[in-house]
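Below you'll find the structure, written out as structure tokens, and then a few comments.
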Amino acid sequence: MPTLPKMCLNGEIVAYEDCKIHAFSGAVKYGAGVFEGIRGYWNDKAEELYIFRLPEHLERLRFGMRVLRYDEIFSVEHMADCLLRMVRANSVRGNVHIRMIAYIDSDDELVGCGPIGLVCGAVPRTPSPKLETGVHIAISSYQRIADNALPPRVKCTANYVNNRAAELEGKRNGYDGVLILTNQGKVSEASGACFFMVKDGVLYTPDVTSDILESITRATVIELAAKDLGLKVVERSIDRSEVYGASEAFFCGTGWEVLPMISLDRLASRRPRSFLARPSRKLDHDRAHQSLFGQCRRRFARDHGCAGGSQ
Ligand SMILES: Cc1ncc(COP(=O)(O)O)c(C=O)c1O
């Protein structure tokens, strides 16, 4: 689906067609940008858009700006204001995926650190049918980028050349996606989501030193699984062959939501959906929106003195 017609570029609401940066900016030449994908869930009853964990997303963006040594680190308040004005300018009344990018705007040499540009826009999103059917996945022949090369916990645009190469390979070979291994041969993550598996009633996920993005959805799943479902959750390094023996597995992320994996390298999971129905219901259900998303919105409003709703 196309991006909604109004975007926010450096604090100004502009038409999609006019949202441009220079072809010789550091963002284009060197991939010097950090970004976030953020979900807005429209609630019909409340007639409000609940933006999922906005403060966490904006703090992660600030972390990325610091690591890339940007001259200017935008405040959470400023970025939230740009995002909310963009949402309002589009009169959003449906689920959206919001993209925000903070990038090197100057035509400078490699080490240019500013000025910094900030852009955001939104794309309407309907639920993927794969949330129901699940996905067939292959181990990628590409290794995950390592922390001491391009840190995956920084959501830098350049990192995604790795994810893109892996995903393209998987799709070319007839799979829905890929699971990428670290340079130590341990399970890392998918091209755009974190990985979980169930074995003997325990939920396992690669720990944060497995070259993953420290996913906000992953943290939510861990919290819900432990608190609401009473499951034991273990974060540790995971071998490829352990996944073959898992009873269930799934991916999670802002864009992918909670997505069942039904086979890895054409080896089917024994019980593809029984466990998964529970956390996904928690994440998708209207009541969960009211409580979880509502809580986030209220916390955001309290912390930052502004509304998390759209209208
Ligand atoms: C590589 C990668 N891993 C994991 C995730 C999930 O992170 P989050 O839940 O914060 O969206 C994403 C993005 O959505 C991603 O791009």
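The numbers here are math on the coordinates, done by the rules we state, and not lab data. For clarity, every value in this text was computed on a predicted model and none was experimentally measured. Every residue, glycine as well, gets a Cβ built from its backbone with ideal geometry; the counts of neighbours run over all protein chains shown.
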For the table 130/186; 199/232; 130/171, the rows whose alpha-carbon distance is greater than 21 Å are 130/186
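Take 261, 65 and order them by how many other Cβ atoms sit within 10 Å, fewest up front.
Fewest-to-most ranking of 261, 65: 65, 261.
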Candidate cut points under trypsin sites (Lys or Arg not before Pro) in segment 146-219, DSSP loop plus at most 15 other Cβ atoms within 10 Å of their own Cβ, are none
Taking R0 as 35 Å and r as the Cβ-Cβ distance between residue 13 and residue 111, the FRET efficiency 1/(1 + (r/R0)^6), rounded to the nearest 0.05, comes to 0.60
A chain fully extended from residue 241 to residue 81 at 0.36 nm per residue, minus the present Cα-Cα distance, gains in nm 53.0 nm
Contour minus Cα-Cα span, residue 20 to residue 66, at 0.36 nm per residue, comes to 14.1 nm
Of the residues 162, 49, 213, the Cα lying farthest along the dipole of the chain towards its positive end, which is defined by charges on the beta carbon of Lys, Arg, Asp and Glu, belongs to 49
Rounded to the nearest 500, the 222 nm mean residue ellipticity computed for the chain from DSSP H runs (n ≥ 4, each -39500 (n - 2.57)) alone is -8000 deg cm²/dmol
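Take the Cβ-Cβ distance between residue 128 and residue 164 as r, set R0 to 25 Å, and report the resulting FRET efficiency rounded to the nearest 0.05.
0.85
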Per the C-alpha gyration tensor (a ≥ b ≥ c, the square roots of its eigenvalues), segment 200-269 is rounded if a/c is under 1.5, else prolate if a/b beats b/c, else oblate; here it's rounded
Those trypsin sites (Lys or Arg not before Pro) from segment 35-124 that are DSSP loop and have at most 15 other Cβ neighbours within 10 Å turn out to be 45, 69, 93
